[in-house]
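Quick note: the coordinates plus some simple rules give every number you see, no bench work behind them. Since the model is a prediction, treat every value here as computed from it, not as a measurement. In this analysis, Cβ positions are derived from the backbone assuming ideal geometry, glycine residues included, and neighbour counts consider all displayed protein chains.
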């Protein structure tokens, strides 16, 4: 059952977000990609294998992990102005790995991790480059199946590693940019750097809901069983996501 969840969840989400990008643009798709579906699933899988204290610490570390995920997006975005996707992907993953390494080395407490992850978000959007003027060449569709297969492969690899590494590092790795890397690469191939930067910058809006999910889950796990705690955290994330998208729409 868990294997089926890993194989189907991320490809389905990538398919839905790709459809959203075609209908509403890369900014909205990025905000949806920041929603904690993958990390929430990883944390839920961990809750089936570990106690509540382990999952609570992992969820707070995951809130800090949003900063590492954003570091991936910022580095990829700046490199996309001049480089093709393979170098951009390598640079973004290197930035992510560096941020995770720093977080693991500093070893902040769980709530310090969550506080930093939340406070970094208002600054993060300003660190992305301005999208360049769109190129005149028509976009190329890189195909849905390759990106869905890439997403499934990545989530299988991450969940296989995360359960063996302890709660802090598991939480940080739970925010590995699975969607960010897959969507960024295929957006870069198909639509160019401008759409890719808008998508990655849009993910910052989704991370408000992500951090709300992590904090709510950490609080709820102290008082509720796993299933109600995850449901409550998901409701909090949906409320924050809805508010963020409403505010974004009414600013323009």
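Results, tabulated for the structure shown:
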item: Reduced Cα scattering model of segment 185-252, Debye log10 I(q)/I(0), q = 0.17, 0.23, 0.29 Å⁻¹; result: -0.70, -0.89, -1.09
item: Residues 57, 49, sorted so that the one with the fewest Cβ neighbours within 10 Å comes first; result: 49, 57
item: Residues 178, 106, 37 arranged by fewest to most Cβ contacts within 10 Å; result: 106, 37, 178
item: Radius ratio Rg over Rh of segment 17-105, counting only Cα atoms, Kirkwood formula for Rh; result: 1.05
item: Sorted by Cβ neighbour density within 10 Å, fewest at the top, the residues 203, 245; result: 245, 203
